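See structure below.
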Amino acid sequence: MGYVNSVGNVTIIQTTAFDLTDPEAAEMKDWPGHRWQPGDRNDDGHSFGPADAEPAHLIEWDEVRWIVTVCVYLGGRTSTGVAIPTIGPCFIWRIPVYPDGGIADIRWFQVDARASRDMFDNAIVCFLRTIDMCNCANVVVVDPDRSYDRPTRRRLERTGVRFSEIHIRPLSRSYRGLGTPLSDVTTPLTGVRGHFVHYGPKYGKGLLFGKYEGRYWIPQHLRGSAEVGEVEQTYVVEA
């Protein structure tokens, strides 16, 4: 994945997942340095989590299904507008993942000392939020349709790099009351932030529309009717 921020900095995140049930990858779990616990330290001195981690927070390596390696490349422009080619990796993350998709830990390495830790924070938040989004039942990752642009499609094919898009499937005409049309509501018009919702016995709730189970992403939207008033919201982040 990749993105450009508001000041022109480019972040490219390359992800490789190794399935430890594959005999060719299973031995990775026993390589030197691959089994770490919170409190262990890297060569540059930074520790991986608190040294006094409770047993519940220790990594259960025998249960780990995947090891995900993430490389972060940075580029863009300096504060004076000078273009900088994308270089890296500047940071590397190692993420052991359990069979249910739960993350056991995130071990990170700073490869390029010139890279700002602020860029690291932004990149890991974007990466985790993207993975979180992709695990929703109404979100699918598909190859973009480039049938209308043959030259671009051929050029991208020659690079050997695959591109994909994240598509959010709509649930209904409205997200209020499991699909009540906006014309039928009697609440003031207000904005609703994008959020996750859970349906099904697994979450202690009923099924969505009586049929669907899982976690769903509800995009930001308007709810209610301006005919009965409007509500303006302001969000304040408290330190």
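Could you list, in sequence order, the residues of the stretch 135-153 that are assigned to a helix (DSSP H, G or I) and touching a Ser or Thr at 6+ places or on another chain (Cβ under 8 Å)? Can you show your working first?
Kept after step one, since they are assigned to a helix (DSSP H, G or I), are these residues of the stretch 135-153: 150-153.
Residue satisfying the conditions is R153 alone.
Identify the single condition in (1) within 21 Å of A17 (Cβ to Cβ); (2) in contact with a strand residue (DSSP E or B) (Cβ under 9 Å, 6 or more places away or on another chain); (3) among the charged types (D, E, K, R); (4) exposed (fewer than 10 other Cβ atoms within 10 Å of the Cβ) that R114 does not satisfy, given that it satisfies every other one.
In the conditions (1) within 21 Å of A17 (Cβ to Cβ); (2) in contact with a strand residue (DSSP E or B) (Cβ under 9 Å, 6 or more places away or on another chain); (3) among the charged types (D, E, K, R); (4) exposed (fewer than 10 other Cβ atoms within 10 Å of the Cβ), R114 misses (1) alone.
Quick test of your reading of the structure: D62 fulfils all but one of (1) touching an Asp or Glu at 6+ places or on another chain (Cβ under 8 Å); (2) surrounded by fewer than 15 Cβ atoms within 10 Å (Cβ to Cβ); (3) not β-branched (V, I, T). Name the failing condition by number.
(1)
Does at least one position in the stretch 102-116 carry a residue that is small (G, A, S) and farther than 27 Å from N9 by Cα?
Step one: filter the stretch 102-116 for residues small (G, A, S), giving 102, 104, 113, 115-116.
From the residues that got through so far, the ones that are farther than 27 Å from N9 by Cα too are 102, 104.
Yes - at least one qualifying residue is present in the stretch 102-116.
Name the pairs whose Cβ atoms lie under 8 Å apart, with the first residue in the stretch 101-113 and of a type in the set (V, I, T), the second outside any strand (DSSP E or B), and 6 or more positions between them or separate chains?
Pairs found: I106/I124.
For the stretch 169-187, indicate whether the set of residues that are modelled with pLDDT of 75 or more, within 28 Å of P99 (Cα to Cα) and not β-branched (V, I, T) is non-empty. Show your work before the answer.
Of the stretch 169-187, the ones modelled with pLDDT of 75 or more are none.
Within the stretch 169-187, none of the residues are modelled with pLDDT of 75 or more, within 28 Å of P99 (Cα to Cα) and not β-branched (V, I, T).
Can you tell me which residues in the stretch 5-18 are over 12 Å from V72 (Cα atoms) and surrounded by 12 or more Cβ atoms within 10 Å (Cβ to Cβ)?
Scanning the stretch 5-18 gives N5, G8, N9, A17, F18.
In the stretch 199-221, what residues are surrounded by 15 or more Cβ atoms within 10 Å (Cβ to Cβ), over 17 Å from the mean Cα position of the chain (by Cα) and not hydroxyl-bearing (S, T, Y)? Please lay out each step first, then the result.
Step one: filter the stretch 199-221 for residues surrounded by 15 or more Cβ atoms within 10 Å (Cβ to Cβ), giving 199-200, 208, 213-218.
Adding the requirement that they be over 17 Å from the mean Cα position of the chain (by Cα) leaves 199-200, 208, 213-214.
Matches in the stretch 199-221: G200, L208, E213, G214.
What residue, among those in the stretch 31-58 that are more than 24 Å from V111 (Cβ to Cβ) and not in a loop (DSSP other than H, G, I, E, B), is modelled with the highest pLDDT?
My answer is H57.
What is the number of the single condition among (1) in contact with a Pro (Cβ under 8 Å, 6 or more places away or on another chain); (2) loosely packed, with under 11 Cβ neighbours inside 10 Å that Y73 does not meet?
Checking Y73 against (1) in contact with a Pro (Cβ under 8 Å, 6 or more places away or on another chain); (2) loosely packed, with under 11 Cβ neighbours inside 10 Å, the one that fails is (2).
Within the stretch 210-239, how many residues turn out to be part of a loop (DSSP other than H, G, I, E, B), out of contact with any helix residue (DSSP H, G or I) (no Cβ under 8 Å at 6 or more places or on another chain) and modelled with pLDDT of 75 or more? Lay out the reasoning, then the answer.
Residues of the stretch 210-239 that are part of a loop (DSSP other than H, G, I, E, B), as a first pass: 210-211, 213, 219-220, 224, 231-239.
Applying the additional criterion that residues be out of contact with any helix residue (DSSP H, G or I) (no Cβ under 8 Å at 6 or more places or on another chain) yields 210-211, 219-220, 231-239.
From what is left, the residues that are modelled with pLDDT of 75 or more are 210-211.
Final tally of qualifying residues: 2.
Could you please find all residues in the stretch 82-134 being in a loop (DSSP other than H, G, I, E, B) and either of a type in the set (A, V, I, L, M, F, W, C) or within 19 Å of the chain's Cα centre (by Cα) (or both)?
Going residue by residue through the stretch 82-134, those that are in a loop (DSSP other than H, G, I, E, B) are 82, 98-102, 104-106, 111-116.
Result: V82, Y98, P99, D100, G101, G102, A104, D105, I106, V111, A113, A115.
The values are calculated or read from the model by the stated rules, or taken from the named source; none is laboratory data. These numbers come from a predicted model, not from an experiment. Using ideal geometry, Cβ is built from the backbone for each residue, glycine included, and neighbour counts are taken over all protein chains shown.
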